[in-house]
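Here is the structure we will look at.
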Amino acid sequence: MALREIRILGDDILRKKSRIVKEVDEKVLELIEDMKETMIENDGVGIAAPQVGILKRIVIVMNGKEIVPLINPVIVSQEGEEVDVEGCLSVKKQTVTIKRPSKIVVEALNEKGEKISFTAEHYYAREICHEVDHLDGILIVDREECE
Ligand code: ZN
C-alpha cells in the first residue's frame, strides 16, 4: 500500500470525466487500498479516484465506521432533498452548503467484481453523491450554494 498525492482545486484532472472500470483486477484493488489509506491519513470521509490522479470510476465512502469501495457507481434513483454543509479533500479551507437528495438507490460493483444495489439515506447518500460528482469532474464549488 502507498499514500497517494491528493490533487487540489486548479488541477485539470479534477475536471475530467472518469472511465468505466472494465475489470476488477489486481491494479484496481491496489488503487482501492491506496485510496483507503490516503483518505484515512487525510481525515477524509470519502475519496474518488480522480482526486489521486486516476480517471477511473472508483470511489470510497464511509457508511458509519465501515469503509465501502464502490466501482462504477451509478445513482439509479433519488428522492427528497436535504441541505447540509460539505467539504472536500481537494478544496481546502472551503465548505459549501449544498442541496442533495435525501434518499438514493445505488448500483455498483464491489471489490469482488459482483453487482450490488442498495439504498442510502441522509449523510451516506450525500457522501455518495459528492464522490460520484468527482467522477464527472464536478466539485462542490460548482454546486449552487444554499441558505
Ligand atoms: Zn470531494
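The values are calculated or read from the model by the stated rules, or taken from the named source; none is laboratory data. Treat the numbers as computed from the prediction; the structure is a model and nothing was measured. Glycine gets a Cβ as well: all are built from the backbone with ideal geometry, and neighbour counts include every protein chain shown. Note: accessible area is taken over every heavy atom of the protein model, side chains too, but ligands, DNA and RNA are not part of it. Shrake-Rupley method; radii C 1.70, N 1.55, O 1.52, S 1.80 Å.
Some values worked out for this structure:
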| quantity | calculated |
| --- | --- |
| Residue-by-residue Karplus 3J(HN,Hα) for the range 23-30, coefficients 6.51, -1.76, 1.60, Hz, glycine and proline x | 9, 7, 9, 4, 5, 5, 5, 5 |
| The range 90-101 - phi-based ³J(HN,Hα) in whole Hz, Karplus 6.51/-1.76/1.60, Gly and Pro as x | 8, 10, 6, 6, 9, 10, 10, 8, 10, 8, 9, x |
| Sequence-separation-based contact order of the chain, relative, with Cα cut under 8 Å and 6+ spacing, percent | 26 percent |
| Placed amide H near Thr97: partners under 5 Å, 5+ positions off or other chain | Glu86, Cys146 |
| Contour minus Cα-Cα distance for Leu3 and Ser77 (0.36 nm per residue) | 23.2 nm |
| Dipole magnitude (debye, nearest 20) for the range 12-142, charges at Cβ of Lys, Arg, Asp, Glu | 380 debye |
| Shape call, the range 1-90: gyration tensor on alpha carbons, a/c limit 1.5 | rounded |
| Computed FRET value (nearest 0.05) for Lys16 with Gln94, which takes r as the C-beta separation and R₀ as 25 Å | 0.75 |
| Percent carbon-and-sulfur accessible area, the chain, ignoring ligands, DNA and RNA, probe 1.4 Å | 47 percent |
| Among Leu29, Leu70, Leu109: highest mean-square fluctuation, GNM of the chain, C-alpha pairs under 10 Å | Leu29 |
| Longest exposed-site-free window of the chain, the sites being trypsin sites (Lys or Arg not before Pro) in a DSSP loop that have at most 11 other C-beta atoms within 10 Å | 66-111 |
| For the chain, share of DSSP beta bridges that run antiparallel, in % to the nearest 5 | 95 percent |
| Extended-chain gain in nm, criterion 0.36 nm per residue less alpha-carbon gap, Glu147 and Ile116 | 7.6 nm |
| Surface accessible to a 1.4 Å probe, per residue, for the residues of the chain, Å² | 55 Å² |
